[in-house]
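Peer 1: One structure, as structure tokens, below. Some questions next.
The values are calculated or read from the model by the stated rules, or taken from the named source; none is laboratory data. This one's a predicted model, so the numbers in the text were calculated from it and none came from an experiment. Here the Cβ positions follow ideal geometry from the backbone for every residue, glycine too, while neighbour counts run over all protein chains shown.
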Amino acid sequence: MARIPLVVGNWKMHTTVAEARALAAAITRSVLPAGVELAVCPPFTALADVARILEGSAVGLGAQDMFWEVAGAFTGEVSPVMLADLGCRYVIVGHSERRQHFGETDESVARKARAAFVHKLTPIVCVGERLEERDARQTERVITRQVEAATAGLSAEQLAHLVLAYEPVWAIGTGRAATGPEANRVIGLIRTVLAAHDSAASKHTRILYGGSVTADNVAEFSQQPEIDGALVGGASLDARKFLAIISGYARRTLA
């Protein structure tokens, strides 16, 4: 079965509730191309309002993070049960900014991914190397470690439904992006690591590219055979630019 491209907008710590409602409405009012799945991940404060706007549309709702426990004395955290109750279908875990600024580890990312599956959420697990690791030619070692940790304990069915996102840390928010062939090479490596766990399931796992994806450079990534979509940051805050990226992947499916 062919992997359907997935484009996810990560709004990060942007948008008030009113701004999030307006952005979600602008996206749902647009003519969305066929053959591409789409999701947006607003901040926690806007999830409930955006969920109401997305209701009945083809746009899925996701969260930007979660804790692995169902409930308890974890001040400031949000549980998978809470996200599912709001109608979330996806949750981003292990984003490089969470790893860098909040000390998330491979172990904590793996616990979140497993908890997401328990509560019928699809985890979008982010992996990627820092600039110093890339310059030291450690990309393969770092990516392999992160992927193996994130997928430890997952069943073949979970592996097939997992979404991974390769986001080279050196390309996030910098205006720099990996070339299409380089991103494709690393994502091919990720699929090889997955295949060591279960070859059949790995063929179904969608692996996105994230790292300064824009309407101007999307074609470079959308035509690469191993890249199954995009995790979009800044460009997803502009409905017109976001739709142009989505259309880039729709053109791939029709090619």
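Peer 1: Go through segment 211-249 residue by residue and tally those that are modelled with pLDDT under 90 and more than 16 Å from Gly128 (Cα to Cα).
Peer 2: Here the count works out to 0.
Peer 1: Against the definition (surrounded by fewer than 20 Cβ atoms within 10 Å (Cβ to Cβ), within 28 Å of Gly234 (Cα to Cα), in contact with a strand residue (DSSP E or B) (Cβ under 8 Å, 6 or more places away or on another chain) and in contact (Cβ under 8 Å) with a residue 12 or more places away in the chain), how does Arg206 come out, yes or no?
Peer 2: no
Peer 1: Can you tell me which condition Asp216 does not meet? The list is (1) in a loop (DSSP other than H, G, I, E, B); (2) surrounded by 16 or more Cβ atoms within 10 Å (Cβ to Cβ), and all the others hold.
Peer 2: The one condition Asp216 does not meet is (2).
Peer 1: Within segment 74-113, which residues are small (Gly, Ala, Ser) and either touching a Leu at 6+ places or on another chain (Cβ under 6 Å) or farther than 18 Å from Val147 by Cα (or both)?
Peer 2: Of everything in segment 74-113, those that are small (Gly, Ala, Ser) and either touching a Leu at 6+ places or on another chain (Cβ under 6 Å) or farther than 18 Å from Val147 by Cα (or both) turn out to be Gly76, Ser79, Ala84, Gly87.
Peer 1: Could you count how many residues in segment 12-29 are closer than 14 Å to Ile246 by Cα and either over 22 Å from the mean Cα position of the chain (by Cα) or free of Cβ contacts under 8 Å to residues at least 60 places away in the same chain (or both)?
Peer 2: Residues in segment 12-29 being closer than 14 Å to Ile246 by Cα and either over 22 Å from the mean Cα position of the chain (by Cα) or free of Cβ contacts under 8 Å to residues at least 60 places away in the same chain (or both): 1 in total.
Peer 1: OK, next. Take segment 52-69 and flag every residue that is surrounded by fewer than 16 Cβ atoms within 10 Å (Cβ to Cβ) and free of Cβ contacts under 8 Å to residues at least 40 places away in the same chain.
Peer 2: Arg52, Glu55, Gly56, Ser57, Ala58
Peer 1: Here's a follow-up. Report yes if some residue within segment 165-181 is aliphatic (A, V, I, L, M), in contact with a Cys (Cβ under 8 Å, 6 or more places away or on another chain) and buried (at least 20 other Cβ atoms within 10 Å of the Cβ); otherwise report no.
Peer 2: The answer is yes; a qualifying residue exists.
Peer 1: In addition: Keeping to segment 180-206, report how many residues are within 9 Å of Leu159 (Cβ to Cβ) and within 18 Å of the chain's Cα centre (by Cα).
Peer 2: Number of matching residues: 4.
Peer 1: Right, here's the next one. From the list Thr45, Thr75, pick out the single residue that is surrounded by fewer than 23 Cβ atoms within 10 Å (Cβ to Cβ) and free of Cβ contacts under 8 Å to residues at least 12 places away in the same chain.
Peer 2: The unique qualifying residue is Thr75.
Peer 1: On to the next question. Under the condition of being in a loop (DSSP other than H, G, I, E, B) and either touching an Asp or Glu at 6+ places or on another chain (Cβ under 8 Å) or of a type in the set (S, T, N, Q) (or both), which residue from segment 1-38 is surrounded by the most Cβ atoms within 10 Å (Cβ to Cβ)?
Peer 2: My answer is Pro5.
Peer 1: Next question. What's the total number of residues in segment 78-108 that are in contact with a His (Cβ under 7 Å, 6 or more places away or on another chain) and either crowded, with 20+ Cβ neighbours inside 10 Å or under 16 Å from Gly9 (Cβ atoms) (or both)?
Peer 2: Summing the residues that are in contact with a His (Cβ under 7 Å, 6 or more places away or on another chain) and either crowded, with 20+ Cβ neighbours inside 10 Å or under 16 Å from Gly9 (Cβ atoms) (or both) in segment 78-108 gives 1.
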